[in-house]
Amino acid sequence: KLEKEIHRQMPDVDVYMTRTTDVYDNVKVKAAKANQAKGDLFISIHCNYVDPIRHSEFIGYKTETYHKKGKKYTRKVKQYHTYTTPNPAKGTETYIWGVDKNDDKEKALRENESLYMDSTLVNEMKDFDPNDPAKIVLYSLNTQQYAERSQSLALTVEDEFTKMGRVSREAKQRGKGIWVLQAVAMPAILVETGFISNPEEEDYLNSEKGQQEIAEAITRAVKRYKYSLENKMQANGNTQNKK
């Protein structure tokens, strides 16, 4: 649905799916596919999950018999009934890679530098050592730029979810690394569309209405992101032309 919605709202944008069937690819394969496609933006779509809540309820005593030094004794032991209930956690979250994973992001840029360098820059730098300070600065600057763009898109996605009445758990960095975000040479976000561990949200995520609304919200966010980026680049170009 997301692919169709993006094509509907932004017919000039190409969409490449890392998978089109219900077949699992490990995270390294997904990242490699994104880099091979030379994408401008990576969006990973997920459903969230938390463990059910465990409960323990006292239900009475049970008499047990035991032996000690040849004598027979009895004692009362408390008995409990344990059970679980679905965790009520709900809402959307959108992640970018953690700043402590910037080294991994810079490595992805080094290995896929043709994605963000124009042909002139590639020719100028092709004979440079990868550890040359000029390249190190370039990788660092691009990592910072991609982090800013990723954060902007993540905030916009959550804003669109809020507008449609979803509970937003905000855009955030994740302390634990997310390989598909830090290993792709482009801005990247991971969208948690809701909690399948919450029966109410699970029904929504499985529904035609829910999937369509999610696709529309993410597409509107991408559209806003693209418009903002193009305006910024145009403004920078106009400023440079005036110099």
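The values are calculated or read from the model by the stated rules, or taken from the named source; none is laboratory data. Computed from a predicted structure; not experimentally measured. Virtual Cβ from ideal backbone geometry, glycine too; neighbours counted across all protein chains shown. The area values use the complete protein model at the heavy-atom level, side chains included, leaving out ligands, DNA and RNA. Shrake-Rupley method; radii C 1.70, N 1.55, O 1.52, S 1.80 Å.
Here's a check for you: in region 194-206, which residue that is touching a residue at least 60 places away in the same chain (Cβ under 8 Å) and more than 13 Å from R166 (Cα to Cα) is surrounded by the fewest Cβ atoms within 10 Å (Cβ to Cβ)?
Checking each candidate, the answer is P199.
Please tell me if R8 is over 15 Å from V180 (Cα atoms), open to solvent by 70 Å² or more (accessible area, probe 1.4 Å) and in a strand (DSSP E or B).
Taking the combined requirement at face value, the residue does not satisfy it.
Scanning region 12-54 for residues that are charged (D, E, K, R) and in contact (Cβ under 8 Å) with a residue 24 or more places away in the chain, which turns out farthest from L153 (Cα to Cα)?
In this case the residue turns out to be R54.
For region 207-229, check the following and say yes or no: at least one residue is surrounded by fewer than 16 Cβ atoms within 10 Å (Cβ to Cβ), in contact (Cβ under 8 Å) with a residue 40 or more places away in the chain and outside any helix (DSSP H, G or I).
no
I'd like to check which helices (runs of 4 or more DSSP H) are fully inside region 89-188 and have at least 1 residues that are modelled with pLDDT of 70 or more and more than 18 Å from the chain's Cα centre (by Cα).
133-163
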